[in-house]
Amino acid sequence: MKNLKIAIQKSGRLNEKSVQLLKNCGLDFENYKSSLITSVSNFNLEILFLRDDDIPGYVEEGIADLGIVGENVIDETESNVAYLQRLGFGKCTLKLAIPRDSKISDLKDLNGKSIATSYPVILKNFLEEYKINADIQTISGSVEIAPGLGLSDAICDIVSTGGTLKSNGLKPFADVRKSEAILIAREGLEENEILMELLQRIQSVLRAKETKYVVLNVEKNNLEKVTELLKGVKSPTVVPLAEEGWVAVHTVISEDDFWGKINKLKSVGAQGIVVMPIEKIIL
């Protein structure tokens, strides 16, 4: 069976988590730091390590079959690829930012102004949507220094924590688009057998990341109250304990859901609550 090729970022903010995701899927590969391509020894897959800006184009042209890349890069390159799965990491927001002492207070105030960005396509589409006529200055890297150098009145750039904006005397002004890492594929590959297995593995890892395995003890007369609070993948498993009148309840639930219910569980008699991580969930 012919190997598929998946392109991931060689270095940068998505590299480490992309590699970790593939490792968590049980894929065995080495030397990704020192090579542009590596083979997976236990799966029909080869991994290409590329610049993130090149990934959508490589996938669109069929040089790579799959890719892991930020939504913002796909939009900026205007690539025609299939979206397969949101991956839950690499989350950020493309924002407009202005100097802290700027008199700009509304989007319409950007009319006639100059905006520096590394994302001219996304910014152009945003400005057209809001019928704003501004001058787009395309800059590669260090966009935040443009207002301080008198090159622009505002910037449009990726913001994760906001620390870089603050250190350059800027403040967020408006959100342009949100982004996260996406698994993409070339058109027509969606029903490929290897892809279907890889996608199943990825989805099982993502489900496990969002859930926890919970075990607790409760008296039988309080069991119904506890199980009402624990709506998991399926109905909880109930196992009798050696102590008469007591049972252990096993279930899988969302971590966020659990922390919102822990006090309620205790109030209806749950004891000895144990919360454990899950490696994978296959439905």
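Just so it is clear, none of the values below were taken in a lab; they were calculated from the coordinates. Predicted model, so just to flag it, every value in this text is computed and none were measured. All Cβ positions, glycine included, derive from the backbone under ideal geometry; neighbour counts span all protein chains shown.
Each residue of the range 186-197 was assigned a 3J(HN,Hα) from its phi angle through the Karplus curve 6.51 cos²θ - 1.76 cosθ + 1.60 (θ = phi - 60°); the sequence is 5, 4, x, 8, 3, 9, 4, 4, 5, 4, 4, 5 Hz, with glycine and proline shown as x. Rounded to the nearest 20 debye, the dipole magnitude of the range 1-138 is 440 debye, with +1 charges on Lys and Arg beta carbons, -1 on Asp and Glu beta carbons, and the Cα centre as origin. Taking every alpha-carbon pair under 8 Å whose residues sit at least 6 apart, the chain reaches a relative contact order of 19 percent. Ranking Ile273, Leu216, Ser235 by Cα position along the charge dipole of the range 211-277, where only Lys, Arg, Asp and Glu carry charges on their C-beta atoms, puts Ser235 farthest toward the positive end. The largest-to-smallest principal axis extents of the Cα set in the range 211-277 are 32, 20, 18 Å.
The charge dipole of the range 73-198, taken about its Cα centre with unit charges on the Cβ of Lys, Arg, Asp and Glu (plus for the first two, minus for the last two), comes to roughly 720 debye. DSSP beta bridges fully contained in the chain are about 75 percent antiparallel. For the residues Lys91, Lys131, Lys23, a GNM of the chain with alpha-carbon springs under 10 Å puts the largest fluctuation on Lys131. Look at the dipole of the chain built from charges on Cβ: of Val247, Asn24, Gly141, the Cα furthest out on the positive end belongs to Val247. Listed by chain and number, the lysines whose alpha-carbon sits under 28 Å from that of Lys261, ignoring those within fewer than 8 places in the same chain, are Lys91, Lys209, Lys212, Lys220, Lys225, Lys231, Lys234, Lys280.
Check the range 92-179 and count each lysine pair with an alpha-carbon distance under 18 angstrom, considering only pairs eight or more places apart or from different chains. Taking the range 92-179 as the scope, the lysine pair count is 18.
For the range 1-154, the calculated P(r) over all alpha carbon pairs, in 10 Å bins from 0 to the bin holding the longest distance, is 10, 33, 27, 18, 10, 2, 0 percent. The fraction of all Cα pairs in the range 126-283 landing in successive 10 Å bins from 0 to the largest distance is 9, 23, 16, 17, 19, 11, 4, 1, given as whole percents. Max-minus-min Cα coordinates of the range 92-179 on each principal axis give 31, 28, 23 Å, with the largest extent listed first.
For Lys10, a cut-off of 16 angstrom between C-alpha atoms picks up these aspartates and glutamates, skipping any fewer than 8 places away in its own chain: Glu30, Glu46, Asp52, Asp53, Asp54. Can you tell me the 0 to 90 degree angle between the C-alpha axis of helix 120-129 and the longest principal axis of the chain, rounded to 10? Compared with the principal axis, the helix lies near 90 degrees.
Computed about its Cα centre, the charge dipole of the chain is approximately 860 debye, with only Lys, Arg, Asp and Glu carrying charge at their Cβ.
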